[in-house]
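Just below is one structure, and these are the notes that go with it.
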Amino acid sequence: MNTTPTRALVISAHPDDMEFGAAGTLAKWTDKGIEVTLCIATDGSTGTQDRSLMGAGLAALRADEASDAAAILGFKEIVWLGHRDGYVEYSLDLRRDIARVFRRGRPHRFMVMDPAPTVEDRFVNHPDHRAVGQASLDTVLTAGTTPGHFPELLLDEGLEPWRGMRELWIMGPGFKPVVSDISSTIERKIQALLCHASQLGDESAREQVDGWLRELAGAQGAKAGFSYGESFQIITQGPGFHDDEPPADDYLDLARTPADPLA
Ligand SMILES: [Zn+2]
């Protein structure tokens, strides 16, 4: 039985979320031949303080930026859900949209945003992140995996429920218990993030982001003895949820941190 994951699906709210939280890990996956699809829920149309730029023009610019980043990371494709940036609400429509992408993509690994309202004692999590994160989690139970939920997906669109997901990865921004070693892909992570020029400002701001990202990835990696890391919560659904055993070959570069985060 082949237990090596071959497909991964990542759901983000905005065009640059994945780069902050998971690009180093995803670059490693594509290097290993895993097919990665990125689904971005919003159009990114309000992410600016520049009044002359906001709206459809910004959305088009950010779509190009996201494509450039996806090319650096070796993704198969980007799927856009087209929700309005900043206005995402948790709704059954959102859950159905994500379930549709989940059933089409049939991912072995499903990576989602953290729906927590606050991030440690540092900041409030963006409302779009919370809504998209929660709807993504809820896709795993019922919407993506059970024929009677959104039966129109099956009956009208021919999308079978998918029960082959083996791992659910919840990405940052806060520190999570499992650290992925991204020492070999930190440069690509930074290059991918720097593709989002509309979000970064001038050259000195770009240098600041570069430095800040190295510092953050260094701190996350240090918790597990890696030069650079990204951290995740990884949930493996219990027996009966999928047919295959979880893969073992891919975990040499993952480390769990001590139970006490201050230790
Ligand atoms: Zn975001």
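A short reminder: the numbers here are calculations on the coordinates, not readings from a lab. If you're wondering where the values come from, they're calculated on a predicted model, not measured in any experiment. Positions of Cβ are backbone-derived with ideal geometry, glycine not excepted, and every protein chain shown enters the neighbour counts.
Length gain on complete extension for the stretch THR6 to PHE175, per 0.36 nm per residue less the alpha carbon to alpha carbon distance?
58.2 nm
For segment 126-211, rounded, prolate or oblate, judged on the Cα gyration tensor with a ≥ b ≥ c (square roots of eigenvalues), a/c < 1.5 rounded, else prolate if a/b > b/c?
prolate
What longest region of the chain stays clear of GluC sites (Glu not before Pro) that DSSP places outside H, G, I, E and B and that have at most 15 other Cβ atoms within 10 Å?
158-263
For the chain, calculate the relative contact order in percent as a whole number, restricting contacts to Cα pairs under 8 Å that are 6 or more residues apart.
That works out to 23 percent.
How big is the chain by Rg and Dmax over its Cα atoms, in Å?
Cα radius of gyration and Dmax of the chain are 17.9, 56 Å respectively.
Let's see if you can work this out: charge +1 on each Lys and Arg Cβ, -1 on each Asp and Glu Cβ, no other charges. What is the dipole magnitude of the chain about its Cα centre, in debye to the nearest 20?
I would put it at about 400 debye.
Expressed in nm to one decimal, what extension gain is obtained for the pair GLU215 and THR118 from 0.36 nm per residue of sequence separation less their Cα-Cα distance?
32.8 nm
Which percent of Cα-Cα pairs in segment 187-238 sits in each 5 Å bin, short to long?
5, 19, 22, 19, 14, 11, 7, 3, 1, 0
Give the residue list of trypsin sites (Lys or Arg not before Pro) in segment 19-118 that are DSSP loop and have at most 12 other beta-carbon atoms within 10 angstrom.
Answer in residue order: LYS32, ARG51.
So which of LYS32/LYS223; LYS32/LYS176; LYS28/LYS189; LYS28/LYS223 end up more than 18 Å apart by C-alpha?
The pairs that break the limit, which is 18 Å between Cα atoms, are LYS32/LYS223; LYS32/LYS176; LYS28/LYS223.
What residues have an amide H closer than 5 Å to that of GLU230, excluding those fewer than 5 places away on the same chain, when H is modeled at 1.01 Å from N in the peptide plane?
The answer is SER180, ILE182.
How long is segment 13-156 along each principal axis, judged by its Cα atoms, biggest number first, in Å?
Extents along the principal axes: 46, 36, 35 Å.
Working from the alpha-carbon coordinates of segment 51-98, get Rg over Rh, Rh being the Kirkwood radius.
Result for segment 51-98 is an Rg/Rh of 1.04.
Calculate for the chain the 222 nm mean residue ellipticity that helices alone would give, adding -39,500 (n - 2.57) per DSSP H run of length 4 or more and normalising by residue count, nearest 500 deg cm²/dmol.
Only helices count here, giving -11500 deg cm²/dmol.
Obtain the nm distance between the two label points defined at SER184 and ASP64 by a simple spin-label model: each point lies 7 Å from its Cα along the Cα-to-C-beta direction.
For the pair SER184/ASP64, the computed spacing is 3.4 nm.
How compact is segment 87-139 by the rule of thumb for globular proteins, expressed as Cα Rg over 2.2 N^0.38 Å?
Against the compact-globule rule of thumb, the ratio is 1.20.
Along the positive direction of the dipole of segment 52-118 (beta-carbon charges: Lys, Arg +1; Asp, Glu -1; about the Cα centre), which of ALA70, LEU58, VAL112 reaches farthest?
The listed residue farthest towards the positive side: VAL112.
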